[in-house]
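Notes for the one structure printed next.
Every number here is computed from the coordinates shown, using simple stated rules; none is lab data. Being a predicted model, the structure only gives us computed values, none of them experimental. Virtual Cβ from ideal backbone geometry, glycine too; neighbours counted across all protein chains shown.
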There are 2 protein chains.
Amino acid sequence: MNDQPFTNQATNQATKQSTKTAEIILTGDRATGPLHLGHYVGSLKQRVDLQNHHQQTILVADMQGLTDNAHNPTKVSSNILNVVADYLAVGINPAKTTICLQSQLPALAELTMYYSNLVTIARLERNPTVKSEIQSKGFERSIPAGFLTYPISQAADITGFHATLVPVGDDQLPMLEQTNEIVRKLNSLAGKKILKECRPLLSNASRLPSTDGKNKMSKTMGNTINLGASEKEIREAVKSMYTDPNHLRIEDPGSVDGNVVFTYLDAFHPEAAYVEELKAHYQRGGLGDGTTKKILEECLQEMLRPIRQKRTEFLSDKAQLIEILSKGSEISREKTQQVLVDVKEVFGLNIL
Amino acid sequence: MNDQPFTNQATNQATKQSTKTAEIILTGDRATGPLHLGHYVGSLKQRVDLQNHHQQTILVADMQGLTDNAHNPTKVSSNILNVVADYLAVGINPAKTTICLQSQLPALAELTMYYSNLVTIARLERNPTVKSEIQSKGFERSIPAGFLTYPISQAADITGFHATLVPVGDDQLPMLEQTNEIVRKLNSLAGKKILKECRPLLSNASRLPSTDGKNKMSKTMGNTINLGASEKEIREAVKSMYTDPNHLRIEDPGSVDGNVVFTYLDAFHPEAAYVEELKAHYQRGGLGDGTTKKILEECLQEMLRPIRQKRTEFLSDKAQLIEILSKGSEISREKTQQVLVDVKEVFGLNIL
């Protein structure tokens, strides 16, 4: 951990961005569990790089986390600081990235209310991402209103920061379409450009599979490796990894396609050439799953050890985490409040 | 108009309520047009009385007005001060009643977001009031999300003030049921009483018909008499009133049932015995519609003259209206903010 506390740096943030581009990046996570290797590959690594070149805000989406967890709110509240510690542990620097908490930004709730009048229920029901989430969560007709309408709330998040670039997986593209529809409707009502359309920033990394190779990563399935996983948890997760079910004897040729161990080696092993050699060996026979798993485990242990240590240190000083989140939220409150004033002006509601 | 400005009285409000009951009343109007005689009979008269006995807040619901007027927002924004002037003109006293503007109370938007997670879309679609409004507005599947979900926003309004008594027409009872469902769900999550259930205060007055006797009162139908109607407008509205279509000659017996002139005489004429005499005369024949309309017109002219004058005076000093609304909104912002803190506590979100 740095000697100079992050919080002091954070206050200088606004003045430090002179060398950055004009792109404004908004990204974030639902605070419904600690972050894992899937997040690391899919977005966290990218954010650590992006913070050096762009104005980046990360929103800890506690309110969105509640849209399908209102009856178990601890799942959200207990994970807010975990997620912040995850960010810091992988190298997100609050002097370069504003980290804020959604529930601390009332303007986002107000924007959501105004935008709700510009989007029909039929349009929300057609959203492919929400459709498939509703199916996978088994909501059917008992969808909480907050869940069906969360794309409107996301539009409030994105436009509330005038974000121009939003890192997403391709399954999230319908969310940006919905946001840009709202932007166009509002600008058309205003007769001028009040809000900015955003573009997706698609990650180069392909989606990391779960350790079981078939289900979506989920805490309850126990098929993820969290950034704060202990040595033992890492060892056991790798041991249980899905490989090639037809690779019964070491001397048999094995398949690397769909073999989670090799997918993880591709994603995390620093020496690509060495991984290629291993693949060739495995395919022609003579390389056992025990050996490949041992290589992967060593690689993950080495990578996650410093992250775990930093994470533990950060979590041991909750006051500092809260300070970082408070400072970031304060900066963000002002930004989003200004956008709200502009949107209320379109509706003629700045009379007081 | 009183010599002492309302605004000075308004600041003393909190300390003046010692003689009032513990009931907290929330009422209000969508700011989508000037108020008319239907509002006067159905609620304004009652509010003028209630303010002497209870803590009463009137919410000018501009955000709710936008739920079906987002593409014509001037309909809302241009009527906010008209509605406040209507209140003052009929005798609502800002020293006794807090008058506030919905869009000035961010906590209401935030409460709406939290409550949205406790209500399903199916439940909203079953709401009989919303159902019939959707039909009458011809929305079908293109209902704005904000419109379908406005009962949640109303629940935020009511609970945001800990209102215990809500004056409503019986068509609005489903709204209070929805509110109380949310209250019970939230209290059950909290394991204690955070929010209060509310009771309806049903008006004794029967609903005033429109001047055409068949359609719902509406500005576009031109079948209302606004509180600020000119002498000429009152005269013409009474002239065009629906009577008994079979009462062709003065000497014929006429019917008073469904005869709008008599319904209005019942509602507004100060001498009930005289109205009964007129009815008997009309029913046995010999009393012409011209005469009954003349009697009604005189009565309405007399009643509306001072209201119209006061309304004009109030509207000539917009700064004072804005001051009243600002003061009331400031008081209300604090109250609703406290409820928000309590609700966020249930979800564990007061960590910063």
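When B:Glu197, B:Glu277 are arranged by Cβ crowding within 10 Å, least crowded first, meaning fewest neighbours, the order is B:Glu277, B:Glu197.
Label-point distances for B:Ser316 to the equivalent site in the other copies, using a point 7 angstrom along Cα→C-beta, read 7.5 nm when ranked shortest first. Positive end of the dipole of the stretch B:19-73 (Cβ unit charges, origin at the Cα centre): among B:Gly28, B:Asn52, B:Leu66, the Cα lying farthest that way belongs to B:Asn52. Computed about the Cα centre, the dipole magnitude for the protein assembly as shown is approximately 280 debye when only Lys and Arg (+1) and Asp and Glu (-1) carry charge, each at its Cβ. Label point of A:Pro128 (7 Å along Cα→beta-carbon): distances to the other copies' equivalent points are 4.2 nm, sorted ascending. Using C-alpha pairs under 8 Å with a sequence gap of at least 6, the mean separation divided by the residue count of the stretch B:231-308 gives a relative contact order of 36 percent. Expressed to the nearest 5 percent, the antiparallel share of DSSP beta bridges inside the protein assembly as shown is 10 percent. With Cα atoms as the point set, the stretch B:174-304 shows a radius of gyration and Dmax of 21.2, 71 Å. In plain terms, if you count all Cα to Cα distances in chain B and split them into 10 Å steps from zero, the share in each step is 5, 22, 30, 24, 13, 5, 1, 0 percent. Spherically averaged projected area of the convex hull of Cα atoms, the stretch A:35-108: 5.4 nm². For the stretch B:265-326, the extents of the C-alpha atoms along the principal axes are 56, 19, 12 Å, listed from largest to smallest. Annotation: the residues A:Met241, B:Met63, sorted from fewest to most other C-beta atoms within 10 Å of their own C-beta, follow the order A:Met241, B:Met63.
Between copies, the label points at B:Gln337 (set 7 angstrom from Cα along Cα-to-Cβ) are spaced 1.0 nm, reported in nanometres from shortest to longest.
Entry note, the stretch A:176-325: relative contact order of 20 percent, from Cα contacts under 8 Å with a spacing of 6+ residues.
Across all Cα atoms of the stretch B:231-308, the radius of gyration (one decimal) and Dmax (whole number) stand at 12.2, 37 Å.
Pairwise Cα distances in the stretch A:87-213 exceed 20 Å for 54 percent of all pairs. Each Lys and Arg Cβ is given +1 and each Asp and Glu Cβ -1; about its Cα centre, the stretch A:75-180 then shows a dipole of about 120 debye. For A:Lys20, the aspartates and glutamates whose Cα comes closer than 13 Å to its Cα, not counting residues fewer than 8 places off in the same chain, are A:Asp49.
Label separation (B:Glu334 vs B:Thr74): 3.8 nm, computed from points 7 Å beyond Cα along the C-beta direction. Relative to the Cα centre, the charge distribution of the stretch B:231-308, modelled as +1 at Lys and Arg Cβ and -1 at Asp and Glu Cβ, gives a dipole magnitude of about 220 debye. For the protein assembly as shown, the convex hull drawn through the C-alpha positions has a volume of 180 cubic angstrom per residue. When the Cα centres of the stretch A:240-317 and the stretch B:274-352 are compared, how far apart do they sit, in Å? If we compute the Cα centre of each part, the gap is 73 Å. Backbone phi angles across the stretch B:129-135, fed through the Karplus curve with coefficients 6.51, -1.76 and 1.60 (θ = phi - 60°), yield HN-Hα couplings of 5, 5, 3, 6, 5, 4, 5 Hz in residue order; Gly and Pro are listed as x.
Amide H contacts for A:Leu35 (H built 1.01 Å from N in the peptide plane; partners 5 or more residues away or on another chain; cut-off under 5 Å): A:Leu227.
Bridges between two residues of chain A, per DSSP, are antiparallel at a rate of about 5%.
Our coupling estimate for the stretch A:50-59, obtained by passing each phi through the Karplus curve with A = 6.51, B = -1.76, C = 1.60 and θ = phi - 60°, is 4, 4, 7, 10, 9, 7, 10, 10, 10, 9 Hz, Gly and Pro reported as x.
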